Amino acid sequence: MTDTALLRSYMALRKITTQELAKIIGMSVASLSYKINNIREFKQSEILAIQVALGLTDEQRDSIFFTLNVEHLQFKKEAI
């Protein structure tokens with residue numbers, strides 16, 4: 001699950017809009033918006049392209065794209 005707020009904060013820090021990032025990584029603005037907002041998932045190649053475009057470290061990349069939603073996991077565990 002993508003940490004939308006964190007990704008947007010790195011975009012703002014680098015002064016890159018959604019439209020600019022979409023163009024840089026070769027994706028439509030609509031597709032990128034769906035993925036940023038967790039409607040669809042990013043592919044590995046897209047995550048790497050975003051990492052390069054924003055100049056992210058591996059730790060920054062991981063904190064955006066690979067952070068577990070603990071509340072969601074706890075809810076699923078209780079439902080079982």
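The values are calculated or read from the model by the stated rules, or taken from the named source; none is laboratory data. This one's a predicted model, so the numbers in the text were calculated from it and none came from an experiment. Quick reminder, even Gly has a Cβ in these numbers, built from the backbone with ideal geometry, and neighbours come from all protein chains shown. What goes into the accessible areas is simple: the full protein's heavy atoms, side chains included, and nothing from ligands, DNA or RNA. Shrake-Rupley method; radii C 1.70, N 1.55, O 1.52, S 1.80 Å.
Taking each residue of the range 10-28 that is in contact (Cβ under 8 Å) with a residue 60 or more places away in the chain and looking for partners that are of a type in the set (A, V, I, L, M, F, W, C) and open to solvent by 60 Å² or more (accessible area, probe 1.4 Å) with beta-carbon atoms closer than 9 Å, six or more apart or interchain, yields nothing. Each residue in the range 17-33 was checked for being open to solvent by 30 Å² or more (accessible area, probe 1.4 Å) and within 21 Å of THR67 (Cβ to Cβ), and 2 of them qualify.
For the range 34-68, the set of residues classified as assigned to a loop (DSSP other than H, G, I, E, B), at negative phi and either surrounded by 18 or more Cβ atoms within 10 Å (Cβ to Cβ) or not basic (Lys, Arg) (or both) consists of ASN37, ILE39, GLU41, PHE42, LEU56, THR57, PHE66, THR67, LEU68, listed by residue number.
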